[in-house]
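Novice: Here it is, the structure, as structure tokens.
What follows is calculated from the coordinates using simple rules that are stated; it is not laboratory data. On a predicted model such as this, the values are computed, not experimentally measured, just so you know. In this analysis, Cβ positions are derived from the backbone assuming ideal geometry, glycine residues included, and neighbour counts consider all displayed protein chains.
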Amino acid sequence: MVYTELEVWKEARMLVKLMYLQFPQFPKDELFGLQSQMKRAVVSIPSNIAEGCGRNHHKDSLQFFFIARGSAYELETQLYLAFDLSFINENIFDEVLLQIGKVRKLLNGFINYFESLANKP
């Protein structure tokens, strides 16, 4: 499987770009705070999808897809915090939240597919 052709990976990359375009709006003193946490979480999503695709066993792959999904939830919480702290405006919040939802939906489908493969004899 070539992960670079997967819709879930492509959408996760779009999420990284969308999020990184927002970081210049964050206060400078947040460089090593919430901003740093958000960078790690958002980059973790496509990275773990790619790593999961590189594994030899479906169960190994699933572990990385679960981590990617967890990072999406983590990023969503951090996005709410950034909005609460007025680091991003409502339009950006809504746009990023929509993209996170799209990635999570695709990732859930991908996980379900791999779980069906892992359960085959």
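Novice: State which residue is surrounded by the most Cβ atoms within 10 Å (Cβ to Cβ) when the search covers only segment 83-108 and only residues that are more than 26 Å from K28 (Cα to Cα), free of Cβ contacts under 8 Å to residues at least 40 places away in the same chain and touching a helix residue (DSSP H, G or I) at 6+ places or on another chain (Cβ under 8 Å).
Specialist: Result: R104.
Novice: Among the residues of segment 39-57 satisfying the criterion of being in a helix (DSSP H, G or I) and among the polar types (S, T, N, Q), which is nearest to Q25 (Cα to Cα)?
Specialist: S44
Novice: Limited to segment 1-22, what total is found for residues that are surrounded by 15 or more Cβ atoms within 10 Å (Cβ to Cβ) and closer than 14 Å to I92 by Cα?
Specialist: Selection size over segment 1-22: 5.
Novice: Considering every residue within segment 59-72, establish whether at least one is surrounded by 14 or more Cβ atoms within 10 Å (Cβ to Cβ), touching a residue at least 24 places away in the same chain (Cβ under 8 Å), of a type outside the set (F, W, Y) and more than 18 Å from E115 (Cα to Cα).
Specialist: yes
Novice: Report, by residue number, each residue of segment 26-38 that is outside any helix (DSSP H, G or I) and either touching a residue at least 40 places away in the same chain (Cβ under 8 Å) or within 26 Å of L62 (Cα to Cα) (or both).
Specialist: F26, P27
Novice: Sticking with this structure for a sec: Are any of the residues in segment 2-12 more than 11 Å from the chain's Cα centre (by Cα) and either within 18 Å of Y80 (Cα to Cα) or not in a helix (DSSP H, G or I) (or both)?
Specialist: The answer is yes, given that some residue of segment 2-12 is more than 11 Å from the chain's Cα centre (by Cα) and either within 18 Å of Y80 (Cα to Cα) or not in a helix (DSSP H, G or I) (or both).
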